[in-house]
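A.B. asks: Attaching a single structure in C-alpha cells format; questions to follow.
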C-alpha cells in the first residue's frame, strides 16, 4: 500500500484532477466525509489528510510514502529526507512583503531602519532580509497576519499572496515579492529505494499529468 499525504483546501482540490489524469479516481462522497484516511480507485493507493505544514514531516518519517506540499512549507521544513521529483505547478501564489498603505517601505529600507516583521515563514524571511542587508526583528505568528501592522505589532508582514484581496481589505499593499510559490510532489527517500517499482510509475504518471500528456497506463496498478 502506497500512502499519499495531502492537506485539505486548495492543494487537495488541485491535486485531484492530476490524480484523475493519472488514472486514479477518488469518490466525491468520500472527499466530503470527515475521514482522515481515504481510499482511491487504485486499491494500492490511499490518501491521508493532514495539516499542510505537517505533510513534509509525515513523508520524512515514512508515515506517508509521498505527499504534496507547497514550496513555502518545504523551505521552512528544510527538505531533510525528501526527494522533490516533480513541481506540480498547482496552488500558485507568491511569498511577499506587505505593509500598510502610506508606510514608505523602500525609504525605511534605504535608511537602514530596523523593521519589525510578522510572519510564520521565519526562515524564509530571515534569509531574504539578510541577503538584502536589512535589519529586522521577526515576530512569529500562526494566523491573522494582516492584523499585526494594524495594531502596531509589526511594521510589515511576510505572507503568501494570491489575489491580494485580503491585503486590500485590511488597507495593506504588497511592497516586495520574495519568491513564486507552487506545490511539489515529495517522496520519502527510503521508500524511493525500497519501493521504487511501485513509486516510479506513479511519479511518472503525475509528471505526465502535469505536462498534459494524459493517462500513463501503469499508474493505476503500480501502487499495489
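A.B. asks: Evaluate the following for residue 10: is it modelled with pLDDT of 90 or more, under 18 Å from residue 188 (Cα atoms) and assigned by TED's automatic domain parsing to the domain that holds residue 187?
C.D. replies: Against the criterion (modelled with pLDDT of 90 or more, under 18 Å from residue 188 (Cα atoms) and assigned by TED's automatic domain parsing to the domain that holds residue 187), residue 10 does not qualify.
A.B. asks: Within the range 177-224, which residues are assigned to a loop (DSSP other than H, G, I, E, B) and either closer than 28 Å to residue 94 by Cβ or modelled with pLDDT of 90 or more (or both)?
C.D. replies: Just the residues of the range 177-224 that are assigned to a loop (DSSP other than H, G, I, E, B), to begin with: 195, 211-218, 223-224.
Matches in the range 177-224: 195, 211, 212, 213.
A.B. asks: Any residue at all in the range 6-13 that's in contact with a helix residue (DSSP H, G or I) (Cβ under 6 Å, 6 or more places away or on another chain) and part of a strand (DSSP E or B)? Can you show your working first?
C.D. replies: Of all residues in the range 6-13, those in contact with a helix residue (DSSP H, G or I) (Cβ under 6 Å, 6 or more places away or on another chain) come to 6-7.
If we keep only those that are part of a strand (DSSP E or B) as well, we get 6.
Scanning the range 6-13, I find at least one residue that is in contact with a helix residue (DSSP H, G or I) (Cβ under 6 Å, 6 or more places away or on another chain) and part of a strand (DSSP E or B), so the answer is yes.
A.B. asks: Continuing with the same structure: Could you check how many residues of the range 143-174 are over 30 Å from residue 60 (Cα atoms), touching a helix residue (DSSP H, G or I) at 6+ places or on another chain (Cβ under 7 Å) and surrounded by fewer than 20 Cβ atoms within 10 Å (Cβ to Cβ)? Walk me through how you get there before you give the answer.
C.D. replies: Within the range 143-174, the first condition is being over 30 Å from residue 60 (Cα atoms), and the residues that meet it are 146-156, 163-174.
From the residues that got through so far, the ones that are touching a helix residue (DSSP H, G or I) at 6+ places or on another chain (Cβ under 7 Å) too are 146, 154-156, 170, 172-174.
In the following step, the residues that additionally are surrounded by fewer than 20 Cβ atoms within 10 Å (Cβ to Cβ) were identified as 146, 170, 173-174.
Number satisfying all stated conditions: 4.
A.B. asks: Follow-up question, since we're still on this one. Would the range 116-124 turn up any residue that is surrounded by 18 or more Cβ atoms within 10 Å (Cβ to Cβ), in the same structural domain as residue 171 (by TED's automatic domain parsing) and out of contact with any helix residue (DSSP H, G or I) (no Cβ under 9 Å at 6 or more places or on another chain)? Before you say what the answer is, go through the steps one by one.
C.D. replies: Here is the first cut: in the range 116-124, the residues surrounded by 18 or more Cβ atoms within 10 Å (Cβ to Cβ) are 117-121, 124.
Cutting the leftovers down to in the same structural domain as residue 171 (by TED's automatic domain parsing) gives us 117-121, 124.
Okay, now just the ones that are also out of contact with any helix residue (DSSP H, G or I) (no Cβ under 9 Å at 6 or more places or on another chain), so none.
Scanning the range 116-124, I find no residue that is surrounded by 18 or more Cβ atoms within 10 Å (Cβ to Cβ), in the same structural domain as residue 171 (by TED's automatic domain parsing) and out of contact with any helix residue (DSSP H, G or I) (no Cβ under 9 Å at 6 or more places or on another chain), so the answer is no.
A.B. asks: Can you run down the residue pairs with Cβ atoms below 6 Å, 6 or more apart or on separate chains, where the first is in the range 155-174 and more than 12 Å from residue 101 (Cβ to Cβ) and the partner is at pLDDT 95 or above and assigned to a helix (DSSP H, G or I)?
C.D. replies: 157/148; 158/125
A.B. asks: Here is a follow-up. Identify the single condition in (1) exposed (fewer than 12 other Cβ atoms within 10 Å of the Cβ); (2) under 17 Å from the mean Cα position of the chain (by Cα) that residue 181 does not satisfy, given that it satisfies every other one.
C.D. replies: (1)
The values are calculated or read from the model by the stated rules, or taken from the named source; none is laboratory data. Just so you know, these numbers come straight off a predicted model, no measurement behind them. Cβ: placed from backbone, ideal geometry, glycine included. Neighbour counts: every protein chain shown.
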